[in-house]
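Right, one structure below, let's go through it.
The values are calculated or read from the model by the stated rules, or taken from the named source; none is laboratory data. No experiment lies behind these values; they were computed from the predicted model shown. We place every Cβ from the backbone using ideal geometry, glycine too, and count neighbours over all the protein chains shown. These area figures cover heavy atoms from the full protein model, side chains too; ligands, DNA and RNA do not enter into them. Shrake-Rupley method; radii C 1.70, N 1.55, O 1.52, S 1.80 Å.
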Amino acid sequence: VQLQACGGGFVQAGGSLTLSCAASGSIVGLRDQHWYRQAPGKTRDLVALMTNAGVTSYAASVKGRFTISRNNSKHTLYLQMNALKPEDTATYYCHFEDWRKNAYWGQGTLVTVSS
């Protein structure tokens, strides 16, 4: 199974973008689904997660501005990003995990927010 992330781009501060991450097939025993981001020269940090049960959690820096969601089949994960700030500039990665802790990563999609 491969993950394909898209939706990144260039946006002015205060703008919005929606990222998508589509799985090429079903992941048996899917557990949590995540969005991470990595800015140049920095570590890859967790932005948002959704458990298999649909419970969501967010990094403090994006809470109230970003919303993680998925479609009914759980094959596509979304990240709605509002009120974007220059510090949100990063490459965003989707990540799925199954019950055996196998990790599936998308290829990353770049988000650039200008001030």
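Taking the numbered list (1) part of a loop (DSSP other than H, G, I, E, B); (2) modelled with pLDDT of 95 or more; (3) within 23 Å of Arg100 (Cβ to Cβ) in turn, Gln33 passes all entries but (1).
For Tyr78, the criteria (1) of a type in the set (Ser, Thr, Tyr); (2) open to solvent by less than 70 Å² (accessible area, probe 1.4 Å); (3) within 19 Å of Val1 (Cα to Cα); (4) in contact with a Ser or Thr (Cβ under 8 Å, 6 or more places away or on another chain) hold in every case but one, which is (2).
Kindly evaluate Gly25 against the criterion of being at pLDDT below 95, surrounded by fewer than 17 Cβ atoms within 10 Å (Cβ to Cβ) and not in a strand (DSSP E or B). Yes; evaluated as a whole, the condition is true for this residue.
For Thr91, indicate whether it is open to solvent by 40 Å² or more (accessible area, probe 1.4 Å), polar (S, T, N, Q) and closer than 27 Å to Ser115 by Cα. It is false that Thr91 is open to solvent by 40 Å² or more (accessible area, probe 1.4 Å), polar (S, T, N, Q) and closer than 27 Å to Ser115 by Cα.
Each residue in the range 44-69 was checked for being open to solvent by 50 Å² or more (accessible area, probe 1.4 Å), within 14 Å of Gln33 (Cβ to Cβ) and either in contact with a His (Cβ under 8 Å, 6 or more places away or on another chain) or modelled with pLDDT of 95 or more (or both), and 6 pass. Within the range 41-100, being of a type in the set (Val, Ile, Thr) and either assigned to a strand (DSSP E or B) or in contact (Cβ under 8 Å) with a residue 60 or more places away in the chain (or both) holds for Val47, Thr56, Thr67, Ile68, Thr76, Thr91.
Look at Leu30 and say whether it is among the hydrophobic types (A, V, I, L, M, F, W, C) and open to solvent by 20 Å² or more (accessible area, probe 1.4 Å). The answer is yes for Leu30.
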